[in-house]
Amino acid sequence: MSQPHLRTVVVLAAGEGKRMKSSLPKVLHPLLGRTLLGHVLAAAEPLGADRTVVVVGHGADQVRAHLTEVAPAATPVLQERQLGTGHAVRMALDAVPDATGTVVVINGDVPLLRPETVVALVEAHEEAAAAATVLAAEVPDPTGLGRIVRDVQGRLEHIVEERDATPQQRALREINAGIYAFDVARLREALGKLSTDNDQGEEYLTDVFALLRDAGEPVAVHVAADHVETLGCNDRVELAGLRRLLRDRVNEGWMRTGVSILDPHTTWIDVTVTVERDAVLDQNTQLQGATTVGAGALVGPDTTLVDTVVGEGASVVRSHAVGAEVGPQASVGPYAYLRPESRLARKAKVGTFVETKKASIGEGSKVPHLSYVGDATIGDHSNIGAATVFVNYDGVRKHHTTIGSHARTGADNMFVAPVRVGDGAYTAAGSVIVGDVPAGAMAVARGQQRNVEGWVLRKRAGTAAAEAARQAGEGASEPGGSASEGD
Ligand code: UD1
Ligand code: MG
């Protein structure tokens, strides 16, 4: 089969999407790792178009800014007033006067479209040397969509919008998916002849088909293998429906490559994520952005990972991580929060109710319980006692704490940064460490204990505590009493 000699892709993204009821333009709504527009651009990517033109209008600045991020090579073209899909394509082609060959037009709101389907449409169009080819699909519920009207021989006669259709036409279930291939020269000519004689008073791109056909030009219908790919999105209920469908497609793909997904209905994986073989994703897990999960790792249940790298054989349980790196065989959670630039080396551990940020935790080192580790470097094989706070903020600036390797810091420590604890050093429980601790030293930084004997009996007479103290005292003084037994 010949390579499609493609010149131009036009994506229509100027509409407001009124029914979304949103300050965000419809095409910028997110769907498992990309915006609706991002998905459409990704589907067109393998065509290798010379030019990609995106028609912007509603929220043009937002859409342009998004394009700069995801498709800097694309050309945004402003359609100031949304006068219809035909008008939009006319604006787009004005921006590429030198375009020749095939132009592919895609509505910006069909995010489940697969690259293979776009390629197949273009191939069918070029093989048939058609002037225009529309991607169609048989759908269970055609409500709101343009219908493909065929003649007695089954050839495309015209495309009619639901609001302009007769009851008979409305009964048709073959719809226009809003994805087309055209010969650019003949498209240009037909666009010049569009009328606005329809219920919305707009220039309909779809009317090009009847115009070309009436002029004796060959027009064709390419039927999509799977109608799900052609589903559009007009409100948030439909968006949620598309999200479920895409979730299932993505999960199925990973399961077929050897990933265990224990509850596919509650596992949401962005299309931008990668998961290696024998990883296990437990229920209620979200993997987002540039997240990668290594072979044999366990993630979940109840875990969200954003732009996070999980190494081979690591485990992340009931936790939330953003921009973190979890080394091979490291362990996180249950109930940990890893913030950006948290880096756990091989076999490191961040345990329960622990928050980390800009923290590098060395091989085999552990922060097991109830701690905050911010702006810190911890060497290898060190242990941080429970309830430790790395005091990194003086109210104006952040400061760094460095803990060496094989250190053992006591429970309930405060490391008041900037401060350094040397290799093999110990710190006593309850210490507030404000000065450096040399390697191998034991730092004690807390008040001395003082016991005021008999205080409760004197100052809290008549309380249960005083009574307990009295009985403990009698027991101690009684010969053969339980407290002294065996002494
Ligand atoms: C369109 C088709 C319909 C098809 C359906 C598939 C027309 C006339 N109708 O209807 O046959 O079944 O898509 O989803 O084309 N847009 C612009 N500028 C405009 C108008 C629209 O850029 O002036 C963009 C929108 O942002 C959107 C796309 O074109 O991405 C389609 O517009 P929309 O209003 O959703 O058309 P539908 O009524 O869904
Ligand atoms: Mg639409």
Problem set entry | The listed residue being without any contact (Cβ under 8 Å) to a residue 12 or more places away in the chain, more than 16 Å from ligand 1 (Cβ to nearest atom) and under 30 Å from HIS87 (Cα atoms), out of GLY253, GLY216, GLY201 | GLY216
Problem set entry | Residue among VAL110, VAL152, VAL105 that is within 16 Å of ligand 2 (Cβ to nearest atom), in a loop (DSSP other than H, G, I, E, B) and within 22 Å of ASN176 (Cα to Cα) | VAL110
Problem set entry | Residue tally, condition touching a helix residue (DSSP H, G or I) at 6+ places or on another chain (Cβ under 9 Å), surrounded by fewer than 21 Cβ atoms within 10 Å (Cβ to Cβ) and outside any loop (DSSP other than H, G, I, E, B), over the stretch 222-236 | 2
Problem set entry | Near pairs, Cβ below 9 angstrom, 6+ apart or cross-chain, from the stretch 9-23 (within 14 Å of GLY178 (Cβ to Cβ)) to any residue that is within 11 Å of ligand 2 (Cβ to nearest atom) and in a strand (DSSP E or B) | VAL11/ASN107; LEU12/ASN107; LEU12/GLY178; ALA13/ASN107; GLY15/ASN107
For this session: Could you grab me the full set of residues in the stretch 377-435 that are outside any loop (DSSP other than H, G, I, E, B), within 36 Å of the chain's Cα centre (by Cα) and farther than 23 Å from PHE353 by Cβ?
Result: THR402
Problem set entry | From LEU305, LEU242, residue being more than 25 Å from VAL149 (Cα to Cα) and within 16 Å of ligand 1 (Cβ to nearest atom) | LEU242
Exercise. Away from ligand 1 (no atom under 12 Å from the Cβ) and either buried (at least 21 other Cβ atoms within 10 Å of the Cβ) or not basic (Lys, Arg) (or both): does that describe PRO76?
Worked result: no
Problem set entry | Residue identified as part of a loop (DSSP other than H, G, I, E, B) and in contact with a Lys or Arg (Cβ under 9 Å, 6 or more places away or on another chain) among GLY447, GLY374, GLY364 | GLY364
Exercise. Quick check, is VAL70 away from ligand 2 (no atom under 16 Å from the Cβ), modelled with pLDDT of 95 or more and in contact with a strand residue (DSSP E or B) (Cβ under 6 Å, 6 or more places away or on another chain)?
Worked result: no
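So that you can scan it fast, the table gives a plain yes or no per residue for (1) at negative phi; (2) more than 13 Å from ligand 1 (Cβ to nearest atom); (3) surrounded by 14 or more Cβ atoms within 10 Å (Cβ to Cβ):
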{"site": "VAL134", "(1), (2), (3)": "yes, no, yes"}
{"site": "LEU145", "(1), (2), (3)": "yes, no, yes"}
{"site": "GLN153", "(1), (2), (3)": "yes, yes, no"}
{"site": "PRO167", "(1), (2), (3)": "yes, yes, no"}
{"site": "VAL184", "(1), (2), (3)": "yes, yes, yes"}
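The values are calculated or read from the model by the stated rules, or taken from the named source; none is laboratory data. What you see is a predicted model; the values in this text were computed from it and never measured. Positions of Cβ are backbone-derived with ideal geometry, glycine not excepted, and every protein chain shown enters the neighbour counts.
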